[in-house]
Amino acid sequence: MTRAIIFDFDGLIVDTETAIYESWTAIYSEHGETLELKTYKDCVGADLGQFHPGLELERRIDKKLDWQTLDAERELEVRRQLESQDARPGVRRFISDARAAELPLAVASSSSRAWVAGWLEKLDLLGHFEALRNRDDVERIKPHPDLFLGAAEALNAKPAETLVLEDSENGLRAASAAGMRCAIVTNPVTAGGDFDAAVLEAACFTDERVATLI
């Protein structure tokens, strides 16, 4: 039985992943290279230890790049693209239904607290979550289980009674390692991944099957 729900953030509540991927493909294109989506997926929802797009580009062109400048420009472009972005369709209804069912909610994200809390506040969703756990709170982010275990502890929920909502393969790995059931709601970047271990895979929150999770 589900007694608590933990949400990922990037790509799940808001589709930030598409804009972030496009920002990387633009840099690759400027240097005559192509960043294949299949290759890029290795770093989605996790740290850059598994795959670092910047280091990969330097390897391909055999040249060091000014990442302080490039990353600053890339972040500005991402924020510009996302300026008017809302929560993904169906997210607000799902959160409302979960709250109505008196399920405690948390967000566990590999991104910074400033990024996640800032977005949730902008979308007027922050008050729905009892806890946030971010890369600032743990030594190891996804695909390690630390973020989900910390969030469950903050909700006073046992892992076996906790449902995780994710969008990425790394998120699913982290939830499985934490001993939690995981439902996947993909986005254009993560669609087509290996989600066999998930209790459900859907393309959007408006899928009728997602509502049954509550």
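The values are calculated or read from the model by the stated rules, or taken from the named source; none is laboratory data. For clarity, every value in this text was computed on a predicted model and none was experimentally measured. Cβ atoms come from the backbone with ideal geometry, glycine included; neighbour counts cover every protein chain shown.
Quick notes
- In the range 160-171, the count of residues that are surrounded by 14 or more Cβ atoms within 10 Å (Cβ to Cβ), over 21 Å from ALA87 (Cβ atoms), assigned by TED's automatic domain parsing to the domain that holds ASP146 and in contact with a Gly (Cβ under 8 Å, 6 or more places away or on another chain) is one or more.
- Of the residues screened, PHE205 is one that is in contact with a Pro (Cβ under 7 Å, 6 or more places away or on another chain), more than 21 Å from ASP42 (Cα to Cα) and aromatic (Phe, Trp, Tyr).
- Filter pass, SER111 being hydroxyl-bearing (Ser, Thr, Tyr) and under 17 Å from ASP167 (Cβ atoms): yes
- ALA183 meets the conditions (1) surrounded by fewer than 18 Cβ atoms within 10 Å (Cβ to Cβ); (2) within 19 Å of LEU213 (Cβ to Cβ) in every case but one. The failed one is (1).
- Condition check for GLN68: polar (S, T, N, Q), touching a helix residue (DSSP H, G or I) at 6+ places or on another chain (Cβ under 7 Å) and not assigned by TED's automatic domain parsing to the domain that holds HIS128: no
- Residues of the range 105-124 that turn out to be assigned to a loop (DSSP other than H, G, I, E, B) and crowded, with 18+ Cβ neighbours inside 10 Å, as a count: 3
- Scanning the range 60-104 for residues that are over 16 Å from VAL14 (Cβ atoms) and touching a residue at least 60 places away in the same chain (Cβ under 8 Å), we see that the one that is surrounded by the most Cβ atoms within 10 Å (Cβ to Cβ) is ALA98.
- Scanning the range 40-50 for residues that are over 29 Å from ASP124 (Cα atoms) and assigned to a loop (DSSP other than H, G, I, E, B) gives LEU48, GLY49, GLN50.
- Selection within the range 125-178 - of a type in the set (Phe, Trp, Tyr) and either part of a helix (DSSP H, G or I) or touching a Cys at 6+ places or on another chain (Cβ under 7 Å) (or both): PHE148
- If you go through the range 51-104 and keep only what is in contact with a Phe, Trp or Tyr (Cβ under 7 Å, 6 or more places away or on another chain) and either more than 23 Å from GLU17 (Cα to Cα) or in a loop (DSSP other than H, G, I, E, B) (or both), you end up with ARG88, PRO89, GLY90.
- Scanning the range 9-39 for residues that are in a loop (DSSP other than H, G, I, E, B) and among the acidic types (Asp, Glu) yields ASP15, GLU33, GLU36.
- All conditions in (1) at pLDDT below 95; (2) assigned to a helix (DSSP H, G or I) hold for GLY193, with the sole exception of (2).
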